[in-house]
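Heads up: the structure comes next, in structure tokens.
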Amino acid sequence: MVKARCAHRLAVNLAGLKMKTPVTTASGTFGFGLEFTDFLDLQQLGAVTVKGTTLLPRAGNQGQRAVETPSGMLNCVGLENPGAEYFLQETLPKLKKYKVPVIVNIAGASPEEYGELAAKLDVPGVAAVEINISCPNVKAGGIAFGTNPQAAAAVVRQVKDHTSKVVITKLSPNVTSITELALAVEAAGTDVISLINTLIGMKIDVERQRPVLGNITGGLSGPAVRPVAVRMCYEVAQKVKVPLIGMGGIMNAADALEFFLAGANAVAVGTGNFVDPTLAVDICGGLLEYMDRHQVKQIKDLVGLALPGGKRC
């Protein structure tokens, strides 16, 4: 029932990335998508965003990598993944069997490495690449790309120069001004902006009197970060013209609606996938019920209604 009704009312087009629903999955919370096929039909998703991928395989961080926190979780997986070549040879052929856009989250140690990875993934079956700019910038003494507008822009330009795919840039919330960063990546040519990535946090075991995570700090996600994410989406939507994918603690349709009203054109479900593996599909039913109740014809008609003037810039 929902699937048939989604066809026209929930469809979105993000700078050429066509999605039958406005709901995708957040990178790092859905594996490569194939791990969830026992629970849902991937073809009912707007898109599948796979876990962070690097040029070479990565083992990730040592020690404990995840811990539950009040209304959320901390993780420091460290981009563990089998590498781009494995993804292209083993994973992508399986994903291509499903009629759903595939977004590949990419990470590198330098702008040039991001460009090389983008070129490698410029193949049939990949609909878009999402730039993870929260990784350490090795060439800049450990400064994260995502906290420096100039560094972030340099990464975006490299990726744009090496791919024909839709380019999405994922913003870090661990900055003084999220709008400054958004404007920098928009000027550099990103097609879409996704926000937010995780907030930096930590948990201490009071009995051991030591940090719980092996990496000391980790990324905080889940409902606890949603008010921050909605605020940042609201701010960015008033400054940039490119489409936005909002994310951060979405656990139901009402949570997703906050992002649409704050200016997001689509949303991504992250930590909620661990609680309910069918959540990204189930949310669509709730969106349609809301749209019926408020006599809204298409999801795009809700975008930015909470902004000053009731619309995106």
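The values are calculated or read from the model by the stated rules, or taken from the named source; none is laboratory data. Everything numeric here is computed off the predicted structure, so don't read it as measured data. Every residue, glycine as well, gets a Cβ built from its backbone with ideal geometry; the counts of neighbours run over all protein chains shown. Side chains are part of the model used for accessible areas, which takes the heavy atoms of the whole protein and leaves out ligands, DNA and RNA. Shrake-Rupley method; radii C 1.70, N 1.55, O 1.52, S 1.80 Å.
The figures follow:
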quantity: Taking region 63-187 and dividing mean pair separation by its residue count, relative contact order in percent (alpha carbons under 8 Å, at least six apart); calculated: 22
quantity: Order by protection proxy (mean Cβ within 10 Å, highest first), peptides 204-217, 100-113; calculated: 100-113, 204-217
quantity: Local electrostatic count at T25 - Lys and Arg +1, Asp and Glu -1, tallied over other residues with Cβ under 14 Å; calculated: -3
quantity: Residue-averaged [θ]222 nm for the chain, counting only DSSP H segments that reach four residues, each worth -39500 (n - 2.57); calculated: -8000 deg cm²/dmol
quantity: Gyration tensor (alpha-carbon) shape descriptor, region 168-313, a/c threshold 1.5; calculated: oblate
quantity: As computed over region 155-213, the Cα convex hull volume per residue (Å³); calculated: 104
quantity: C-alpha center-to-center spacing [region 220-257, region 14-29] in angstrom; calculated: 14
quantity: Region 106-175 - percent relative contact order, Cα under 8 Å, separation 6 or more; calculated: 41
quantity: Value of relative contact order over the chain, rounded to a whole percent, pairs C-alpha under 8 Å and six or more apart; calculated: 19
quantity: Alpha carbon centroid spacing (whole Å) that separates region 160-182 from region 98-123; calculated: 14
quantity: Hz values of 3J(HN,Hα) by residue in region 83-97 - Karplus curve (6.51, -1.76, 1.60), Gly and Pro given as x; calculated: x, 5, 5, 4, 4, 5, 7, 10, 8, 4, x, 6, 5, 5, 6
quantity: Relative packing of 187-194, 304-311, which averages over residues the other C-beta atoms within 10 Å, highest first; calculated: 187-194, 304-311
quantity: Percent accessible area from carbon and sulfur atoms, region 160-302, protein chains only, probe 1.4 Å; calculated: 50
quantity: Cross-link pairs K97/K297; K51/K165; K160/K311; K170/K311 - those with Cα-Cα distance over 26 Å; calculated: K97/K297; K160/K311
quantity: Between region 32-78 and region 276-310, the alpha-carbon center distance in angstrom; calculated: 26
quantity: D (Stokes-Einstein, µm²/s), Kirkwood Cα radius, the chain, 1.306 mPa s at 10 °C; calculated: 82
quantity: For region 74-163: Kirkwood Rh in Å [reciprocal of mean 1/r, alpha carbons]; calculated: 13.8
